[in-house]
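*Asks:* Pasting in a structure now, in C-alpha cells, and then I'll have a few things to ask.
The values are calculated or read from the model by the stated rules, or taken from the named source; none is laboratory data. Because the structure is predicted, anything quoted here is derived from the model rather than measured. A quick note on method: Cβ atoms are made from the backbone with ideal geometry, for glycine too, and the neighbour counts reach across all protein chains shown. These area figures cover heavy atoms from the full protein model, side chains too; ligands, DNA and RNA do not enter into them. Shrake-Rupley method; radii C 1.70, N 1.55, O 1.52, S 1.80 Å.
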Amino acid sequence: MTLTTAMILASPAMATEGMFALGFSTNQRAMGGTGVAYGYEAMSATLNPANAANVGHEMQFGLDIFSPNRGFTMGGLRVESNSNYFPVPNFSYNKPLDNGKVFNISVYGNGGMNTDYPAPVFGATPTGIDLSQMFISATYAGKSGNLSWGISPTLVIQTFRANGLPFGSGRDWSYGGGLRAGIVYEASPQLSLGLSASSKMNMTKFDKYAGLFENRGEFDIPGSITAGLAYKANSKLTMMLDVQRIFYSGVDAISNAVNAGPFGAPGGAGFGWDDINVLKLGMEYKANDTMTWRAGYAYSENPVGPEDVSLGILAPGVVTHHLTVGGTYSFNPSNSIDFAIEYAPENTVTGGPITLDMSQFSVSVGWTRKF
C-alpha cells in the first residue's frame, strides 16, 4: 500500500459542515476553523492560498483522531453505526523563494462520509458507505504592499465503497481537480480582511457505482467561498470571524432530491442536500514565548431536510454547533507541538418515522518546524 493510498483510506467520516471538514490543521480546529485572513502557519494556505505569503520557511505534520457517533431511529428502535474512530493526517511545507514569492505544498483530507450499520437497512448486512477525499494543493503566493494573493491548483483523489446496497460493490477510485485562490488585505496594523474561493472539483466517475450516483457515477466536489477578518486587539490577542458558503447545489449527486428520478440516471436521485452557510469565531492568545492558547466556535447550517432522511441514513451529516479549544507549546524558536479538542453536540433531523442523529468528538496533535 502506497503512502498516498494509506492517507486517503485513513481519513473518511470528516463530516462537520455536511461533508466538509471544519478545519484542516490542528490549530485551525482549535480556533473553530477560522483563519481565512490570518497567515500564521504553513497549513494556513489550505484556508486561503494568500496566507502562504505571510508565513516563513516552515513544515508541519498533524494528525486528528476523529470520532463521530451517528445513527438513526425508526419504530422506537435506534440503530447505531460502527466504525467510530478515524485517523486524519495532514502535511504542509512553506518555502519563500528568491524572487520574493512563496511556494507551498499541502496534503490534507477535505472531507468524507462514513456509516457502517450492523443491520440490513436496505436488505443486506452490513449496510453503509465510505467516502474519503484527499486534496494536494500547490500554492504560489506573493505580496504587493498591503495586499497578499495566492493561487492553488489542486489535485484531488477520492475513494468510495458501499455495502448492503443494490447499486454496485467494492472500492472504487476517482481523480480530478480544480482551482483555489484568495487574497488578504491588511487594512491596518490591527485589521486584516480575507477572501478565499474554491472551484468545484471536477472528478472522474465512480464506474462501479454508475447505478447509484447521478449521471452514471458522477460525483464532483462542491465549490465554496469564505470571507473573514482577523483583528489584533493587542500584541497577545487576535480575534477572527469567518463566514463560509458551501454550494452543494452545484453537484447533482449530492443535491438532487431522492425522488428526482432513477438512481444513476442523468438528473436522477441524489442525497437532497441544500447549500449551507457556516459562521466561525476564533481567538488566539499568546501568553508568552512558550505557550499560545486558542479557542473557537462554529455554527453550520444543516444540509439535510426532513424530506431527505431516508437516504440520509447513509450520510447523516446533521451536526450544527462546534466547540473547540487548543494551543501550542514551543520547545524552542524552531520546534513546537500543537494540540486541539473539538466537540459537536448531538443534533437530530426527523422525517416521517425516521430520525437521524449525530454527535462528534476529535483530538488533534501536530508538530511545526520553523527553519
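*Asks:* What is the one condition in (1) closer than 21 Å to Met43 by Cβ; (2) surrounded by fewer than 17 Cβ atoms within 10 Å (Cβ to Cβ) that Glu301 does not satisfy?
*Replies:* Answer for Glu301: the failing condition is (1).
*Asks:* Name the one entry in Pro126, Pro96, Pro87, Pro120 that is open to solvent by 60 Å² or more (accessible area, probe 1.4 Å) and of a type outside the set (Val, Ile, Thr).
*Replies:* Pro120
*Asks:* For Ala340, are the conditions met, namely being out of contact with any Lys or Arg (no Cβ under 9 Å at 6 or more places or on another chain), of a type in the set (A, V, I, L, M) and closer than 18 Å to Ser25 by Cβ?
*Replies:* No, not satisfied.
*Asks:* Just wondering, is there one or more residues in region 58-81 that are among the hydroxyl-bearing types (Ser, Thr, Tyr), outside any loop (DSSP other than H, G, I, E, B) and under 18 Å from the mean Cα position of the chain (by Cα)? Break it down into steps so the answer makes sense when it comes.
*Replies:* Step one: of region 58-81, the residues among the hydroxyl-bearing types (Ser, Thr, Tyr) are 67, 73, 81.
Still in the running and outside any loop (DSSP other than H, G, I, E, B): 67, 73.
Still in the list and also under 18 Å from the mean Cα position of the chain (by Cα): 67.
Among the residues of region 58-81, at least one is among the hydroxyl-bearing types (Ser, Thr, Tyr), outside any loop (DSSP other than H, G, I, E, B) and under 18 Å from the mean Cα position of the chain (by Cα), which makes the answer yes.
*Asks:* Restrict the check to region 243-254 and report whether at least one residue is open to solvent by 20 Å² or more (accessible area, probe 1.4 Å), of a type in the set (A, V, I, L, M) and either out of contact with any strand residue (DSSP E or B) (no Cβ under 6 Å at 6 or more places or on another chain) or at pLDDT 95 or above (or both).
*Replies:* Within region 243-254, one or more residues are open to solvent by 20 Å² or more (accessible area, probe 1.4 Å), of a type in the set (A, V, I, L, M) and either out of contact with any strand residue (DSSP E or B) (no Cβ under 6 Å at 6 or more places or on another chain) or at pLDDT 95 or above (or both).
*Asks:* Ok, one more. Check off (1) at pLDDT below 95; (2) closer than 23 Å to Tyr248 by Cβ for Leu3 and give me the number that stays unchecked.
*Replies:* Failing condition for Leu3: (2).
*Asks:* Of the residues Arg294, Arg245, which single one is basic (Lys, Arg) and free of Cβ contacts under 8 Å to residues at least 60 places away in the same chain?
*Replies:* Within the list Arg294, Arg245, the selection yields Arg245.
To keep it simple, each residue is scored yes or no on (1) surrounded by fewer than 24 Cβ atoms within 10 Å (Cβ to Cβ); (2) modelled with pLDDT of 95 or more; (3) touching a helix residue (DSSP H, G or I) at 6+ places or on another chain (Cβ under 8 Å); (4) of a type in the set (D, E, K, R).
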{"residue": "Trp293", "(1), (2), (3), (4)": "yes, yes, no, no"}
{"residue": "Pro306", "(1), (2), (3), (4)": "yes, no, no, no"}
{"residue": "Thr324", "(1), (2), (3), (4)": "no, yes, yes, no"}
{"residue": "Thr348", "(1), (2), (3), (4)": "yes, yes, no, no"}
{"residue": "Phe361", "(1), (2), (3), (4)": "yes, yes, no, no"}
{"residue": "Arg369", "(1), (2), (3), (4)": "yes, yes, no, yes"}
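*Asks:* Can you name the condition, by its number, that Leu279 falls short on among (1) within 20 Å of Gly33 (Cα to Cα); (2) modelled with pLDDT under 95?
*Replies:* All conditions are met except number (2).
*Asks:* Just to be sure I understand, how many residues within region 279-298 are farther than 15 Å from Lys232 by Cα and touching a Lys or Arg at 6+ places or on another chain (Cβ under 8 Å)?
*Replies:* Qualifying residue count for the region: 3.
*Asks:* Pick from region 308-345 the residues that are in contact with a Gly (Cβ under 6 Å, 6 or more places away or on another chain) and among the charged types (D, E, K, R): which of them is farthest from Thr34 (Cα to Cα)?
*Replies:* Out of the qualifying residues, it is Asp308.
*Asks:* Could you tell me how many of the residues in region 96-138 are more than 28 Å from Met74 (Cα to Cα), over 18 Å from the mean Cα position of the chain (by Cα) and either in a strand (DSSP E or B) or modelled with pLDDT under 95 (or both)?
*Replies:* 4
*Asks:* If Ser44 satisfies all but one of (1) free of Cβ contacts under 8 Å to residues at least 24 places away in the same chain; (2) within 30 Å of Val309 (Cα to Cα), what's the number of the condition it fails?
*Replies:* Result: Ser44 passes all but (2).
*Asks:* Also, quick follow-up: Does any residue of region 160-177 turn out to be surrounded by fewer than 20 Cβ atoms within 10 Å (Cβ to Cβ), assigned to a strand (DSSP E or B), of a type in the set (A, V, I, L, M) and within 25 Å of the chain's Cα centre (by Cα)?
*Replies:* Looking for residues that are surrounded by fewer than 20 Cβ atoms within 10 Å (Cβ to Cβ), assigned to a strand (DSSP E or B), of a type in the set (A, V, I, L, M) and within 25 Å of the chain's Cα centre (by Cα), one finds none in region 160-177, hence no.
*Asks:* Could you please let me know if Gly270 is in contact (Cβ under 8 Å) with a residue 40 or more places away in the chain, surrounded by fewer than 16 Cβ atoms within 10 Å (Cβ to Cβ), under 27 Å from Glu346 (Cβ atoms) and in contact with an Asp or Glu (Cβ under 7 Å, 6 or more places away or on another chain)?
*Replies:* When the stated conditions are applied, Gly270 does not pass them.
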